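The values are calculated or read from the model by the stated rules, or taken from the named source; none is laboratory data. Not measured: the values here are computed from a predicted model. Cβ: placed from backbone, ideal geometry, glycine included. Neighbour counts: every protein chain shown.
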Amino acid sequence: MHRPSLHKLMVFACFVLTAFVTLAGHARPANASVKLGLGADWIEGGVGELNLTLGADTFLARSLSLGGRAGVAFFDDSHHLAIPVDFRLKLHVQRIYFEGLVGPWMFINDGDLFRFHGAFGFGLESGSLAFGLEVGRLGRATMLGLRLAFRL
């Protein structure tokens, strides 16, 4: 089976990040946001994961935004590196948010290149800072995580 090279995957990840930032830039400035995110997850089976993402969102309505995030994920077994790509639908209720995420995570140096990620998150937003929890699935495993995001 042919597996893409690390270089091709990194080029694809850069393309996805550029697309997110570009799409956010086409919305009215007051309606678009770009955030740098940091996440830590526990994955069923005792695996830990730390991720760094860049996300972009644009408002569809007063309290509903659409966007995505992409970045890099490091696993505590040090044998796995992934490129998470998620599309996001987010409901903003005053300072509280609820979000649904879905997308592929691309694993480098693993027999299973693509794994499905789907999750539900909620948390607090205050100014340029957001903090929340995320519960979901990665492939066949359940995951539970914390998220911290800074508006750029």
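Once the range 118-144 is narrowed to residues that are of a type in the set (D, E, K, R) and within 16 Å of ARG88 (Cβ to Cβ), the residue that is nearest to the chain's Cα centre (by Cα) is GLU134.
If I go through the range 44-66 residue by residue, how many of them are surrounded by 15 or more Cβ atoms within 10 Å (Cβ to Cβ) and either at positive phi or aromatic (Phe, Trp, Tyr) (or both)? Count: 1. State the number of residues belonging to the range 79-114 that are in a loop (DSSP other than H, G, I, E, B), more than 16 Å from ALA149 (Cα to Cα) and either out of contact with any His (no Cβ under 8 Å at 6 or more places or on another chain) or at pLDDT 95 or above (or both). Number of matching residues: 6.
Only one of (1) surrounded by fewer than 18 Cβ atoms within 10 Å (Cβ to Cβ); (2) part of a strand (DSSP E or B) fails for GLY132. Which number is that? With (1) surrounded by fewer than 18 Cβ atoms within 10 Å (Cβ to Cβ); (2) part of a strand (DSSP E or B) applied to GLY132, the lone miss is (1).
Looking across the range 93-113 at every residue that is exposed (fewer than 15 other Cβ atoms within 10 Å of the Cβ) and out of contact with any Gly (no Cβ under 9 Å at 6 or more places or on another chain), the one that is nearest to VAL72 (Cα to Cα) is identified as ASN109. When GLY145 is tested against (1) farther than 14 Å from LYS35 by Cβ; (2) free of Cβ contacts under 8 Å to residues at least 60 places away in the same chain; (3) surrounded by 13 or more Cβ atoms within 10 Å (Cβ to Cβ), just one condition goes unmet, and that condition is (2).
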